[in-house]
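Asker: After the structure tokens below, expect a handful of questions from me.
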Amino acid sequence: MHISKMTLVNYRNFSNTTLKFQRGVNTIIGENGAGKSNILRAIRLLLDDTMVRAAYRLEESDFCRSLGEWRGHWIIISVEFEEISADEAVQALFLHGTAALEGGPLAKATYNLIFRPKKEIRLKLAALDVFDDEELTRIRNAITIDDYETVFTGRSGADFSDPSVYQSIVGDFDTCIFSAETEFPEIGAKVPGFLSVTKEVSLTFIQALRDVVAEFHNNRTNPLFTLLKSKSGEIDPVSMLPITEMVRNLNASIEGLEDVQSVRNHIRETIKDAAGETYSPASLSIKSDLPDEAEKLFQSLRLFVGETDDGYEGGIHELSLGGANLIYLTLKLLEFKYQREKLAIANFLLIEEPEAHIHTHIQKTLFDRISYSDAQIIYTTHSAHISEVSNVSNVNILGRQGSYCEAYQPATGLEPSEVRSIQRYLDAVRSNLLFAKSVLLVEGDAEEILIPVLVKKLLGLSVDELGISVINIRSTGFKNVAVLFHDLRIRKRCAIVTDLDTTFFDVTPQPTDLEFLASKKRKAIGSQKAGAERKVGLDAFVAGNPWISVYYAPHTFEVDLVSAGNEEAFVRAVSKIYKAPHTINEAVEALRSGQPHLVGFRALLMAEHEGKGWFAIMLAEELDHQVAIPPYILQAIHFAHGHISPLLLTRILHYRVARQIHADPSGQPRLALLGGQVERFQRGEIDLMFLKAAVALALPGDAINSFMAGIA
């Protein structure tokens, strides 16, 4: 039996989302704050026997913030199980002790936690007249968390992920329409306490590795002590009697040592001399504190580990952070193995962000090997190295949509061949697209290196701060990766940046052409034809998909970058590429010629001479804050990022003002006025159009104006 689906409604940072799981190992990927821990907690509220009390004590903070007013709404955590055993006892658990359903044993079953207002509140809401907002407000204002109840249900037929189903059950708070029914068969039958699923499954939770040494020092959380108790069961006092008697004798021997008794007597005498007989303690002893109780003896056991070959074994506190975490993780995995031996109807292992302080090779090896045929494993991570060894069909990706988060399944609706291609592609470098808020797919090394530099120079912010991952496809096979971004899969923005390779010089063959030039012309004609065909294919591919857009360089990246107004940056790089004075002079003359074909030719020759990646690194050192970003790249950045908030735009403009003052201190009075307008914009006193005009007036010809033009 395994979890195949989980739906969360109004729980913490999830408004309404569904996660899908497979047998075996499953991965939940997401940035910090995306809700990975909340998902594991939701599973535990349903299936962890140690969380039963917490399941009946949900708080106001457990309601999704996007609700605004939580009072009256329901929290629903629903899981669906598949491959349920035909064993009569297991079937009875999901049939709740009733007779078997017609049609044979259940293959699927649901189990739900529903946190809802108590019946008297539901009755008050049901009695409301349509659009009686005043009475609705009065009822809701009087509701406290104590007016809520937790019920567990099964055999539900409701699709809780459908907002209309939720509204039909819970009610419409906008129109004040609530069903006269207070119990709904579609939410399932209440599960009796004696049939609780938590008592029949085995669940081990390995929390995020933060302070492992403290965990070992805490007897309640010490994984070694837990293992010893789990393996031994209840400690037999009879079998431990000889050991405890030995400890008592040892304590007595230590206490009876002549030096111990001498020090004891000296302490007593000194106290009496200092405080007198009246105020001195009635008695005083020095005793050995070795525990003589069986359980405390187990608690005194400590693990010693050697990390090197010198034979030394040290305590957990002496290990490296990674070593301590690896030992802790290993003990928890062993605890899980012991749990599985108890023959539960299903085994679940939840692992929270296991990558902390563990070397990347160990991460990949460890989680490539964690697999149990009779258990389902679900772990959360923001490690690209762990996601690399994750099966893309078994991945849930969390993404933010304003005030709430959603879960995406990247393999939904794809053919097996497409899934296999993506799986092979997602190596440790490119798998970061699964974590990105938005993605910029580029052809090669030059774009991967220079686009982040261009953005940083222009805006004063890195692409990481903007939430954009620049992913180098190293080819023009964008479709193989971009297929992930779709309403059915990952609902995040993906901008494709590619070259049209349109010729920028006369490619008409001439009888007088030398072979070098003739070959250049043939290659240019072929590239132009391929670029045109690529555009037709990509335009058709993205048609109707709001998550993907394509942006074309008219020629090639280097040609369009230099032609955008960056000739002098290329000139400054010339001496790094060439050493011969006459070649340097030729290159500079071509770059400053103002003739597009000569400028473009020289830019490409420099890139090809050094190698496009290495040339990009050299050129990056020559770019400054007045870099001109080609329009198609600016458009791609605007699409990938989406809405530019007033706060973000304020940061960008403050950076531009500071850079301009540094470059020309005489303009400080004028720029101070612009700074004031920026502050007014942030406070909402002027609109974007007024701000654009103020920027254009204060910074005429500044590179930021092109960026501002693209902000809507």
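Read-outs: derived from the displayed coordinates by stated rules, not from any lab. Only a predicted model underlies this, so the values are computations on that prediction, with no experimental measurement involved. Note that each Cβ is placed from the backbone with ideal geometry, even for glycine, and that neighbours are counted across all protein chains shown.
Asker: For each of L649, L67, count neighbouring Cβ atoms within 10 Å of the residue's Cβ, then give the residues from fewest to most.
Answerer: Working: L649 20, L67 16.
Fewest to most other Cβ atoms nearby, the residues stand as L67, L649.
Asker: May I pose another question? Which residues' amide hydrogens lie under 5 Å from the amide hydrogen of D513, considering only partners 5 or more residues apart or on another chain, with H built in the peptide plane?
Answerer: It is none; the list stays empty.
Asker: I'd like the Karplus ³J(HN,Hα) series for segment 493-501: coefficients 6.51, -1.76, 1.60, θ = phi - 60°, whole numbers in Hz, and an x wherever there's a Gly or Pro.
Answerer: Listing the rounded values in order: 6, 9, 9, 9, 10, 9, 9, 7, 6 Hz.
Asker: Can you list residues whose amide H is under 5 Å from S469's amide H, if they're 5+ apart or on another chain and H is modeled 1.01 Å from N?
Answerer: Residues meeting the amide H criterion: K437, S438, V439, L440.
Asker: Hey, if you drop one equal point scatterer on each alpha-carbon of segment 643-709 and run the Debye formula without solvent, what base-10 log of I(q)/I(0) do you get at q = 0.18, 0.29 Å⁻¹?
Answerer: At q = 0.18, 0.29 Å⁻¹ the computed log10 ratios are -0.59, -1.55.
Asker: Do the alpha carbons of any pairs in K118/K337; K456/K692; K535/K692; K118/K492; K124/K190; K479/K612 sit beyond 30 Å of each other, and which pairs? If you can, show how the numbers build up before the last one.
Answerer: Details: K118/K337 41 Å; K456/K692 21 Å; K535/K692 33 Å; K118/K492 39 Å; K124/K190 22 Å; K479/K612 24 Å.
Among K118/K337; K456/K692; K535/K692; K118/K492; K124/K190; K479/K612, the Cα-Cα distance tops 30 Å for K118/K337; K535/K692; K118/K492.
Asker: Only Lys, Arg, Asp and Glu count, each charged at its Cβ (+1, +1, -1, -1), so figure out the dipole size of segment 523-634 about its Cα centre, rounded to 20 debye.
Answerer: Numbers: 10 positive and 13 negative charges, 62 e Å.
That gives a dipole near 300 debye.
Asker: How large is the dipole of segment 1-136 about the Cα centre if only Lys and Arg carry +1 and Asp and Glu carry -1, each at its Cβ, rounded to the nearest 20 debye? Provide the component values of the computation, followed by the final result.
Answerer: Working: 17 positive and 19 negative charges, 84 e Å.
Magnitude of the dipole: close to 400 debye.
Asker: List the relative contact order of segment 633-693 as a percent without decimals, with contacts defined as Cα pairs under 8 Å and 6+ residues apart.
Answerer: 29 percent
Asker: Let me ask you something else. Evaluate the charge dipole of segment 643-709 about its Cα centre and quote only its size in Debye, nearest 20, assuming +1 on the Cβ of each Lys and Arg and -1 on the Cβ of each Asp and Glu.
Answerer: Details: 7 positive and 5 negative charges, 17 e Å.
In total the dipole reaches around 80 debye.
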